Every structure is written in structure tokens, then in C-alpha cells.
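What follows is calculated from the coordinates using simple rules that are stated; it is not laboratory data. These numbers come from a predicted model, not from an experiment. Cβ: placed from backbone, ideal geometry, glycine included. Neighbour counts: every protein chain shown.
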Amino acid sequence: MDFFALTIFPGMFEAFAGYGIVRRAVESGKIKITPINVRDYAKGRHKVTDDRPYGGGSGMIMKPEPLAAAIRSIKAERPDARTVLLSPQGGRFDQDAARRYAQEGCLIFVCGRYEGLDERICETYIDDEISIGDYVLTGGELAAMVVIDAVIRHLPGALGTQDAAEFDSFSDGRLEHAQYTRPSVFEGKEVPEVLLSGDHQAVGQWRLESALLRTLLKRPDLVEKNGLTDREKLIVKKWCRYLESLL
Ligand code: 4G3
């Protein structure tokens with residue numbers, strides 16, 4: 001899968017691509033990340049990429065011509081590319097969106113700086129406008145890296161042999177169950193006994209219960225959105241009976 005990022009700070013993406021699972025995905029040829037310096041498409045001796053807003057006001061706006069030229073040149077090579085703008089005005093990017101983007105062949109991320117882009121770029125050149133959350137960043141680069149990272153995890157083989165993405169938090173609308181590693185006693189706290197028992201069926205049941213309880217306590221909205229399975233209903237009934245016994 002090919003990722004392009006239109007930015008005035010291409011170096012930010014080189015750092016991102018240099019570590020861990022992202023680096024491995026690049027080295028194995030599963031993905032390619034190409035940062036494009038918008039300045040390379042700016043005209044004139046000073047290669048200006050921003051200008052003052054019509055109507056006045058503070059801040060600067062990204063000029064449309066360099067962005068349009070950059071998008072056109074990528075699209076000439078990759079007509080299948082989807083153009084994605086990161087902005088606080090976008091629809092929320094979530095795990096479902098990450099899974100859908102993992103089906104694409106080529107994504108172009110437009111990373112705005114300053115106070116945003118000229119509206120005509122959004123109208124003509126942008127397929128999707130997305131946001132990684134309700135906060136404002138100094139630029140779209142970090143948001144684009146968040147999206148690329150979340151998408152890469154869904155590519156076959158990117159996480160290694162066990163392909164852990166399918167078992168992650170959110171994979172079935174539930175948070176991940178609690179996890180433990182050695183030592184079996186840490187600062188006086190013991191690992192739940194069942195996890196040391198070697199009983200795979202019991203471990204599976206404990207993990208299901210852990211995931212459900214954590215989701216109910218920390219993110220009840222996810223349970224409301226997805227409903228309960230029959231197995232989960234039994235767990236909830238068990239806890240209802242227990243809570244009733246306390247009254
Ligand atoms: C304004 C994305 C600011 C318009 C980008 C880009 C937050 C997010 C910017 C624009 C950003 C986010 C750059 N800040 N929540 N800043 O995903 O197109």
C-alpha cells in the first residue's frame with residue numbers, strides 16, 4: 001500500500017518511518033511512505049506556500065496552487081489514489097475507518113499548517129476530510145501519522161505471525177482484557193490464578209469476562225453501540241445476581 005503525505009515538514013515522516021512495526025512494513029515492501037514537500041510545487045524565487053486570508057484576520061492560509069499541483073502530479077501516476085485531508089472539521093477517524101482505508105491501494109494525506117487550506121482545494125481535490133479527535137494541532141502531520149499507523153496494523157502480515165489486529169481492543173467493539181507477565185507476584189499483587197492454571201477454556205472465559213467488565217466500566221458507550229452476545233449476557237446475569245446479594 002502506498003501513502004503520500006503533502007507537507008512542508010517532510011522530515012517528520014522520515015522519523016516516523018524509521019522505527020518498529022512501521023519500519024518493518026516499509027522494509028518488507030508492504031508499504032511505501034512518500035512525504036512530498038509542498039514547497040517543491042510552489043512558484044517563484046521564494047517558494048511561498050502560504051498567504052494572508054481574504055477579508056482580513058490573523059494567521060495564514062495555505063495557497064491553493066502548490067497543493068493542487070502536488071495532488072495532480074501524484075494522481076497522474078496513481079489515478080486510484082484517495083485524497084484525505086486531516087482537519088479538526090473532519091468526521092471522526094476510528095477503528096472502522098482504519099479497517100476501510102486498509103483496503104485502499106493508495107492514500108494521499110494533505111497536511112495543513114497555519115490556519116488551514118484555501119476552501120477551493122477542499123471542494124475540488126479532497127475525497128475525505130477526517131479528524132483524529134476534538135483538539136487542534138499545529139499541523140496535520142501528526143494526525144496523518146496516527147492514521148497511517150492505525151491503517152498499517154490492518155494490513156496482512158504487518159503485525160507478525162499471529163496477526164494480532166483481529167484480537168485487539170475494538171476488534172469486536174470491546175476493550176482488551178487485562179494482561180499480565182512475569183513475575184507472578186509484583187509488589188505484593190498476584191496474577192489471577194486462572195491464568196497460571198494452563199486451562200485454556202477457563203482462560204478464554206476469564207478473558208471474555210475481563211474484556212466485558214472493563215468495557216462496561218470504562219467505555220459503556222461501546223457496549224450500548226454493539227449490544228451483548230449471549231455468552232456476555234450470562235456474565236452480566238452472574239454479576240447482577242452477585243450485586244443483588246450485596247443489597
Ligand atoms: C486547520 C487535524 C488546522 C485546518 C489537523 C488543518 C487537528 C487535527 C489544520 C486544517 C490539525 C485533527 C492543522 N489539527 N483533530 N491542524 O485531526 O485543514
Exercise. Name the residue, out of Arg24, Arg78, Arg39, Arg45, that is of a type in the set (Lys, Arg) and exposed (fewer than 14 other Cβ atoms within 10 Å of the Cβ).
Key: Arg45
Quiz prompt | Check on Val136, surrounded by 10 or more Cβ atoms within 10 Å (Cβ to Cβ), touching a residue at least 12 places away in the same chain (Cβ under 8 Å) and β-branched (Val, Ile, Thr) | solution = no
Quiz item: Of all strands (runs of 3 or more DSSP E) completely enclosed by the range 77-134, which ones contain at least 3 residues that are near the ligand (Cβ under 7 Å from one of its atoms) and within 17 Å of Leu6 (Cα to Cα)?
Solution: 82-92
Self-check item: Close pairs (8 angstrom Cβ cut-off, 6 or more residues apart or separate chains): in contact (Cβ under 8 Å) with a residue 60 or more places away in the chain and within 17 Å of Gly139 (Cβ to Cβ) in the range 79-91, within 10 Å of the ligand (Cβ to nearest atom) and polar (S, T, N, Q) anywhere
Solution: Leu86/Ser131
